[in-house]
Amino acid sequence: MKIKTANLKVGYILTEDVIGKSLTPLVPKKTMITEQIIEVLREFAIEEVVAEQEESLQLSSDLNITGSDINNTTNIYQKHGQTELSLPFDKLYQEAVQGYKKDFKNWQAGAGIEVGSVRGYFLPLLQMLEEDYTNILYVHKLANIEDYFYHHSISVGLFSGIIAQRMGFEKGEYYQAALAGCLADIGMAKVSNYIFRKKGTLTDDEISEIHTHPINSLKMIQESSSLKSSTKLAILQHHERLDGSGYPFGENSKRIPMLSRIIAVADAYHASICDHLYKEKKSPIASIIELMEDYFGKFDIKVLEVLMSIVAKLSIGTKVLLSNNEKAEVIYMKSAAITRPIVKTTLDSKIIDLEKKRDLFIEEILK
């Protein structure tokens, strides 16, 4: 039945989409009405909606309970009461970075790679993340420009493994995903040391040499029996892009399997959130938004959405900092635009639909 927004009560269920002025659903049907949603409806001048009282409907498993359900999904930073890495993980992480650094220098000197050695210092980290993945949210804070490359390899492996796990890969498969991410850049050991250490702008010839590193990585692990053929292919393809703009072969989406897509996202994301020689870091959520929007069509959106759920699971009530330095609170989530919810500013209680206000975005989640 049609109900005036002024008469709408908490607990009603929408039976039809609420359409905004843009003719797109502002609030989808099967949503349970909350105080925040009523506030949104009033702000967008929605005079009436079609809804029923909860008890008059037979609730189903696909009911979109955006109020109580999402509010109970506590921000991951608050849920774990954690602002830094746990000591056991921190210690293992630092040991893994140093282990990789030592191995890499040996590879530069011509030594062959022993995948078993890498597994020895890398997999214990992944096993700790299986129990509490939140440690991965802070690894970028430990990276430094001098040793960025070694931190990057370990972290890309960890992100690749956790993303694959969240996407439903079996344990053996997401372990392979993690190893592929960790080993993806070993071919940089075959790039001239001058280029590897160069701090200034690279020439076109130097960039071309760097673009050979995925092929070098494959050659280095080609004979390893510890890695599946799909893992080796992912190492080769981790810089390919779905629109064909990647390297070394410019493959298109039809020839890039999911494992390659996962590592591509993990690699680009970690590079974005760390300071290194070529650009300054971005905040985690700003990095994901950049990958989703500025690089649209290059990365798999499903992988990015899983990464988003790991790094910054927004929910109603989450406090955020906007790109204009205003603090705000999330008051409504959109399933089709998970990085651009409707927010209310803290200072003047202004309602902003970030999906429409494209010059603004969430810079970071506040504790």
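What follows is calculated from the coordinates using simple rules that are stated; it is not laboratory data. From a predicted model like this one, the values you see are computed outputs, not experimental measurements. Every residue, glycine among them, receives a Cβ derived from its backbone with ideal geometry; neighbour counts consider all protein chains shown.
In table form, for the structure just shown:
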item	result
Under Karplus coefficients 6.51, -1.76 and 1.60, residue-wise ³J(HN,Hα) of region 226-242 in Hz, glycine/proline x	7, 10, 6, 4, 5, 5, 5, 5, 5, 4, 5, 9, 5, 10, 6, 10, 4
Neighbourhood net charge (15 Å Cβ-Cβ; Lys/Arg +1, Asp/Glu -1) for residue 206	+1
Computed helical MRE - 222 nm, the chain, DSSP H runs ≥ 4 contributing -39500 (n - 2.57), nearest 500	-12500 deg cm²/dmol
Listed candidates (i) 26, 45, 23, 5, 0; (ii) 23, 40, 26, 11, 0; (iii) 27, 50, 21, 2 - label of the one calculated as P(r) over Cα pairs in 20 Å bins from 0, in percent	(iii)
Environment charge at residue 48 (Cβ cut-off 9 Å; Lys +1, Arg +1, Asp -1, Glu -1)	+1
Contour minus Cα-Cα distance for residue 101 and residue 19 (0.36 nm per residue)	24.0 nm
For residue 19, distant residues with modelled amide H under 5 Å away	26
Placed amide H near residue 364: partners under 5 Å, 5+ positions off or other chain	321
Inter-probe distance in nm under a simple model that places probes 7 Å from Cα toward Cβ, at residue 355 and residue 243	2.3 nm
Packing-based exposure ordering (other Cβ within 10 Å, fewest first) of 15, 339, 318	15, 339, 318
Gaussian network model of the chain, springs between alpha carbon atoms under 10 Å - residue of 18, 27, 40 with greatest fluctuation	18
